Amino acid sequence: MQESVVQVSRVTKITKGGSQMSFRATVVVGDGKGLVGVGCQKAKEVQIAVTKAASDARKSAKRAPITKGDTFPHRVTVKGKGGAVVMLRPASPGTGVIAGGACRTVLELAGYKNCFAKQLGSSNPLNNARAVVAGLNEMRTFKEVAKMRDMTLEELFSA
């Protein structure tokens with residue numbers, strides 16, 4: 001499992017005794033074969049926050065479908081939390097990962113080699129990363145769709 005730190009931000013809690021500073025880390029974890037997760041945790045020190053976030057990401061890891069061309073089975077547009085909207089599109093072999101920010105990190109760690117992704121709306125790395133994982137979770141392969149409809153692949157494409 002590879003991990004990548006997407007964001008580390010300093011956060012402050014104001015109490016009666018003064019302000020308490022801590023760090024919030026957002027980490028993406030993936031195996032390059034379709035398993036990917038996003039984690040976010042806080043701690044007093046950066047390294048501890050990153051370790052906790054990586055552990056959280058492993059717990060929340062989901063399986064994503066990858067087709068023969070190392071791309072998505074179909075298009076999807078996902079509305080995540082906090083105004084994050086992410087558009088995911090398949091691409092032909094040789095295109096590469098055309099995406100920015102947190103989307104790119106999530107897709108590369110998931111194992112996609114050819115795809116388009118666009119962050120619409122929010123620029124928050126945590127919300128965008130979670131939206132990409134939600135979009136990957138929505139996707140279905142042709143075999144899964146045929147099985148759900150009690151059909152063979154030939155029947156699915158001939159109908």
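The values are calculated or read from the model by the stated rules, or taken from the named source; none is laboratory data. No experiment lies behind these values; they were computed from the predicted model shown. Ideal geometry is used to build each Cβ from the backbone, glycine not excepted, and the neighbour counts take in all protein chains shown.
Laid out as a table, the results:
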| quantity | calculated |
| --- | --- |
| Positions within the stretch 40-58 being charged (D, E, K, R) and either under 15 Å from residue 10 (Cβ atoms) or assigned by TED's automatic domain parsing to the domain that holds residue 132 (or both), in sequence order | 42, 44, 45 |
| Residues that are under 18 Å from residue 34 (Cβ atoms) and polar (S, T, N, Q), drawn from the stretch 85-141 | 105, 114, 137, 141 |
| Test: residue in the stretch 64-75 that is within 11 Å of the chain's Cα centre (by Cα), surrounded by 21 or more Cβ atoms within 10 Å (Cβ to Cβ) and part of a strand (DSSP E or B) | no |
| Any hit, the stretch 93-102, residues being aliphatic (A, V, I, L, M), touching a helix residue (DSSP H, G or I) at 6+ places or on another chain (Cβ under 9 Å) and in a helix (DSSP H, G or I) | yes |
| Residue 10 surrounded by 15 or more Cβ atoms within 10 Å (Cβ to Cβ), outside any loop (DSSP other than H, G, I, E, B) and touching a residue at least 12 places away in the same chain (Cβ under 8 Å) | no |
